[in-house]
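What follows is a single structure, written as structure tokens, with notes after it.
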Amino acid sequence: MEKSLNTRSMIFTLYGDYVRYYGNVIWIGSLIRLLKEFGHNEQSVRAAISRMNKQGWVQSEKRGNKSYYYLTDIGKERMEEAAERIYKITSHSWDGKWRILMYTIPEEKRNIRDELRQELVWSGFGSLSNSCWISPNKLEKQVDNLIEKYDITSYVNFFISDYVGPHSDEHLVNNCWDLDEINERYEEFIQKYSQKYVIDKNKIAKGTMTDGECFVERTILVHEYRKFLFIDPGLPAELLPDRWLGDSAATLFSDYYKALAEPSNRFFREIFQEGNDLEVPNQDFDFLTHDLMVKKDG
């Protein structure tokens, strides 16, 4: 496979979908071997994990002559937040309140301001106007974490409020997000993966798809679906248009993911164990699909 997927982004995907179930830690050799399946070489993997280390997502630890990388507290929180959104099957209900974050960050802290904007978009906030961001979702914890992370208590105000007009709540939504464009992206995802799901499900049933192939397909599936975290704010059902495709895409993702789960988990475990001095959890792989099962059945 030609390398077409960003190395750093792929490492985030592997941590979120696999490594977090193994104590959030992995030997660099295992990481290199896993990413080789996607055309990434050792140099690019080491460069990407080093960058993640400098950014505070992971930390390294030497055990003998081997280097292990584990998620920091910030990294673990990001993985948990991402999983909560990725494995959500249906849109949640709304409490009718808007969360409003306003800030006046000085020019000399412009780099913090730029990073904060990116973080707010990722968390699901929309920009109503300059330095005024809103969301109908319960993001109090995320806001607290951002204020602490960037040490900006002096520059921000946060409100939880009703909207009393003069327009509608839907008007606010349309000012902040282009739902038609997001819907088009979901439609593209459904068109691309609905046929692949049927084909791969049949291959798995017939035993003509290897564990390694399942691992590659599942990782790419998660990697592609994960991109919606950066464009879809995860609005409650009450604020979505009638023909919303996000829930259909989530169901397709869930079904395809679970079809690939068992063989891809076997492949990951085999690579994880090779040359690894860590104690490997002695359990089957049902726990690796726990997030999806909980979101769908509970």
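The values are calculated or read from the model by the stated rules, or taken from the named source; none is laboratory data. What you see is a predicted model, and the numbers here were worked out from it, not measured in a lab. Every residue, glycine as well, gets a Cβ built from its backbone with ideal geometry; the counts of neighbours run over all protein chains shown.
Side notes on the structure shown:
- Residue that is closer than 30 Å to Ala237 by Cα and of a type in the set (Phe, Trp, Tyr), where the choices are Trp27, Trp94: Trp94
- When segment 106-130 is filtered for residues that are of a type in the set (Ser, Thr, Tyr) and under 19 Å from Glu148 (Cβ atoms), only Ser123 remains.
- Yes/no for Val58 being at pLDDT 90 or above, buried (at least 17 other Cβ atoms within 10 Å of the Cβ) and of a type outside the set (Phe, Trp, Tyr): yes
- Filter result for Asp180 (within 30 Å of Gln55 (Cα to Cα) and surrounded by fewer than 14 Cβ atoms within 10 Å (Cβ to Cβ)): no
- When segment 94-118 is filtered for residues that are within 17 Å of Asn137 (Cβ to Cβ) and in contact with a Lys or Arg (Cβ under 8 Å, 6 or more places away or on another chain), the ones remaining, listed by number, are Asp95, Arg99.
- Meets criteria (touching a Ser or Thr at 6+ places or on another chain (Cβ under 9 Å), of a type outside the set (Gly, Ala, Ser) and at pLDDT below 95) for Asp247: yes
- Check on Ile147, free of Cβ contacts under 8 Å to residues at least 12 places away in the same chain and of a type in the set (A, V, I, L, M, F, W, C): yes
- Residue in segment 67-81 that is under 22 Å from Ala237 (Cβ atoms), surrounded by 17 or more Cβ atoms within 10 Å (Cβ to Cβ) and at pLDDT below 95 present: yes
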